[in-house]
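Read the structure below first, then the notes.
What follows is calculated from the coordinates using simple rules that are stated; it is not laboratory data. It should be emphasised that the depicted structure is a prediction, and the values quoted were computed from it without experimental measurement. Quick reminder, even Gly has a Cβ in these numbers, built from the backbone with ideal geometry, and neighbours come from all protein chains shown.
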Amino acid sequence: MDLKSNHNVVYSCKYHVIWCPKYRRPVLVDGVDERLKTIVRGVAEETRSEVIELEVMPDHVHLLVEVDPQFSIHRFVKLTKGRSSRLLRQEFPWLRSRLPTLWTNSSAVLTVGGAPLAVIKRYIENQRRV
């Protein structure tokens, strides 16, 4: 098991996060998906989190990420969704005409405590093939 640490905590907190666009519209296409991946990785780097696996489907996002427990997964998801919504809607104006807001207010956050990490990574990688 790989452990990380900040100034006063040693941790291994991995989460499988899933979220989707408003009305589950298939708008994460035509370059939006690649730009979203760049934004997510940028937020992770800024918050000293680690993106282990990331897959963007046309109508939802799967993310396997390790986040410092003192920063919290909720703050990471909120920051990621907020920044990506703002930047994607600026860079792809057609998103503004298709949706009132880019993301739904909800997301699914699952801890990856019991399952082997390789199994979760394989599941996310195989989302494109399903």
**Complete:** In a Gaussian network model of the chain with springs linking alpha carbons closer than 10 Å, the residue among Ser12, Ser72, Ser84 that fluctuates most is Ser72
**Fill in**
The simple spin-label model distance between Lys22 and Trp94, using points 7 Å out along Cα→Cβ, in nm, is 1.8
**Item:** Exposure proxy ranking, count of Cβ atoms within 10 Å, fewest first, for Lys81, Lys121
**Value:** Lys121, Lys81
**Message:** With +1 assigned to the C-beta of every Lys and Arg and -1 to the C-beta of every Asp and Glu, and no other charges, what is the dipole magnitude of the chain about the Cα centre in debye, to the nearest 20?
**Reply:** 520
**Fill in**
Exposure proxy check on Tyr23, Tyr11: fewest-to-most Cβ neighbours within 10 Å is Tyr23, Tyr11
**Complete:** A chain fully extended from Thr104 to Arg86 at 0.36 nm per residue, minus the present Cα-Cα distance, gains in nm 5.1 nm
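Greater than 19 Å separation of Cα atoms is the criterion. Which listed pairs, Lys22/Lys81; Lys22/Lys121; Lys78/Lys121; Lys4/Lys78; Lys14/Lys78; Lys22/Lys78, meet it?
Going by Cα-Cα distance, Lys22/Lys121; Lys78/Lys121; Lys4/Lys78 fall outside the 19 Å limit.
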**Prompt:** Would you list Thr111, Thr104 from fewest to most Cβ contacts within 10 Å?
**Reply:** Thr111, Thr104
